[in-house]
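Enquirer: I have a structure I would like to understand better, so I am pasting it below and will then ask my questions one at a time.
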Amino acid sequence: MKIETKNITVMALFSAVAIIFSYIEAILPPIWSAIPGIKVGLANIVTVTLLYKFSIKEASIVAFIRIIIIALLFGNAMTLIYSIAGFVLSVAIMDILKRTNLFSTVGVSIAGGVFHNLGQIIVAMLLLQTKEIGYYMIVLAITGTVAGILIGIASNLMLKYSNKLRL
Amino acid sequence: MLKSDGLKKGKNDLILVGIILSLSLVGFLIFKLTMKDGNRISVSINGEEKYSYSITDNVETDIITGDNGENKNVLIIKDGKAYIKGATCPDKICVGHRPISKDGETIVCLPHKVVVSVTEEK
């Protein structure tokens, strides 16, 4: 992707959409607070969309802009580490699975959701120096799958309409 | 052509979900089956062990954390089980957690960086 006015604008537009998604989720009450880590992760719609529309590079640039701005606005150093770990693992597995061309957008997004949770669990294990949180992985695998299905469907719609707008 | 491709991918997606869920289930079962009853309750704050109790004790104590002591979790140990009765954290996840008694079980309060865990000491 070349540095052209149009590309810069498209990246800025998607960054704004991603930040708005994160903002909406930050102001909504937690869906089910009995289990930690349950979040749909609306901003991942933008990550999946950009991964399919362009490549892992564009998806990562926009995600890092979003993660840093959201951390500055609502989070702290801790939430920043969790977000980055979750994102890096999820985007890596999604890029690998997308390249195999064996799975649909929804399948790729499911793996992304589960690996996002896995990344956060690993960070929690390291930060809290306790391996026992691995216990939660079964719950987070299920919620990651559900979130991934929703994100995958939404990303398909986003791809369809952004193509219509010729973005 | 396109349609059969979509169907094949849908099938692969299901296989992927199956693999993910069975892997985490296997991990969970290994975790669950290797658990034994513990005899100590240890409380660590910020990754450092701060307090330790016998699981047979009757304890009701406030775990105070935060730079100015503004965070509180109320730990109860009763009938060989430990649980958190109340907390000042926003999510109250630790309060909703069921009582723990098996070696390796934990209750985590992420906002206060408090981990209550069952351990085994000889």
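Enquirer: Pick from B:Leu25, B:Leu110, B:Leu75 the residue whose mean-square fluctuation is largest in a GNM of chain B, springs joining Cα atoms under 10 Å.
Expert: B:Leu25
Enquirer: What net charge do the residues around B:Asn58 carry, taking every other residue with its C-beta under 9 Å from that of B:Asn58, with Lys and Arg at +1 and Asp and Glu at -1?
Expert: Local charge sum for B:Asn58: -2.
Enquirer: Something else now. Picking from A:Thr105, B:Leu29, A:Ala63, whose Cα lies most toward the positive end of the charge dipole for the protein assembly as shown (charges on Cβ: Lys, Arg +1; Asp, Glu -1)?
Expert: A:Thr105
Enquirer: Counting only the heavy atoms of the protein chains, how much of B:Tyr83 is accessible to a 1.4 Å probe, in Å² to the nearest 10?
Expert: Per-residue accessible area (B:Tyr83): approximately 70 Å².
Enquirer: No partner Cβ under 4.7 angstrom, meaning no disulfide-compatible partner by this rule: which Cys of chain B qualify?
Expert: Cysteines of chain B left without a disulfide-compatible partner: B:Cys89.
Enquirer: Right, next: Roughly how big is the protein assembly as shown's charge dipole about its Cα centre, with Cβ charges of +1 (Lys, Arg) and -1 (Asp, Glu), in debye to the nearest 20?
Expert: Once rounded to the nearest 20, the dipole reads 1380 debye.
Enquirer: Between A:Asn156, A:Asn44, A:Asn117, which gets the highest mean-square fluctuation from a Gaussian network model of chain A, Cα cutoff 10 Å?
Expert: For chain A, modelled as a Gaussian network with Cα springs under 10 Å, the answer is A:Asn156.
Enquirer: Distance from a point 7 Å along Cα→Cβ of B:Asp91 to each backbone N in region A:138-164: keep the residues under 13 Å and list them by number.
Expert: The answer is A:140.
Enquirer: Now for a separate question. Between B:Ser22 and B:Asn46, 0.36 nm times their residue separation minus their Cα-Cα distance comes to what?
Expert: Contour length minus Cα-Cα distance gives 5.4 nm.
Enquirer: Same structure, new question: Got a number for the accessible area of B:Lys50? Probe 1.4 Å, square angstrom, nearest 10.
Expert: Only protein atoms counted, so the area is about 110 Å².
Enquirer: Residue by residue through region A:93-106, what is 3J(HN,Hα) from phi via Karplus (6.51 cos²θ - 1.76 cosθ + 1.60, θ = phi - 60°)? Round to whole Hz and write x for glycine and proline.
Expert: Per-residue couplings from phi come out as 5, 5, 5, 4, 5, 5, 5, 5, 6, 9, 10, 7, 4, 5 Hz.
Enquirer: Right, something else. Net charge near A:Ala43, counting Lys/Arg +1 and Asp/Glu -1 over other residues with Cβ under 13 Å of its Cβ?
Expert: Local net charge: +1.
Enquirer: Oh, and also: Between A:Lys57, A:Lys98, A:Lys39, find the one with the highest GNM mean-square fluctuation for chain A; connect C-alpha pairs within less than 10 Å.
Expert: Comparing A:Lys57, A:Lys98, A:Lys39 in the GNM, the peak value goes to A:Lys57.
Enquirer: Please check which bits of region B:96-116 a label hung off B:Lys36 would reach, taking the label as a point 7 Å along Cα-to-C-beta and the cut-off as backbone N under 17 Å.
Expert: B:101-105
Enquirer: Can you give the calculated 222 nm mean residue ellipticity of chain B, where each DSSP H run of n ≥ 4 adds -39,500 (n - 2.57) and the sum is split over every residue, rounded to the nearest 500 deg cm²/dmol?
Expert: It lands at -10000 deg cm²/dmol.
Enquirer: Return the calculated 222 nm mean residue ellipticity for chain A, to the nearest 500 deg cm²/dmol, obtained by summing -39500 (n - 2.57) across DSSP H runs with n ≥ 4 and dividing by the residue count.
Expert: Mean residue ellipticity, 222 nm, calculated: -26500 deg cm²/dmol.
Enquirer: What percent do you get for the relative contact order of chain A when only Cα pairs under 8 Å and 6+ apart count?
Expert: RCO, chain A: 24 percent.
Enquirer: Along Cα→Cβ, 7 Å out, is where each label goes; now give me the distance between the ones at B:Asn68 and A:Thr5 in nm to one decimal.
Expert: The two pseudo-label positions are separated by 5.2 nm.
Enquirer: Here are some pairs, A:Lys6/B:Lys9; B:Lys50/B:Lys92; A:Lys57/B:Lys11; A:Lys164/B:Lys8; which of them have Cα atoms lying more than 23 Å apart in this structure?
Expert: Pairs exceeding 23 Å: A:Lys6/B:Lys9; A:Lys57/B:Lys11; A:Lys164/B:Lys8.
The values are calculated or read from the model by the stated rules, or taken from the named source; none is laboratory data. Small disclaimer: the values here were computed from a predicted structure and weren't measured. Cβ coordinates were reconstructed from backbone atoms using ideal geometry, including for glycine residues, and neighbour counts include every protein chain displayed. Keep in mind that these areas ignore ligands, DNA and RNA; they rest on the heavy atoms of the full protein, side chains included. Shrake-Rupley method; radii C 1.70, N 1.55, O 1.52, S 1.80 Å.
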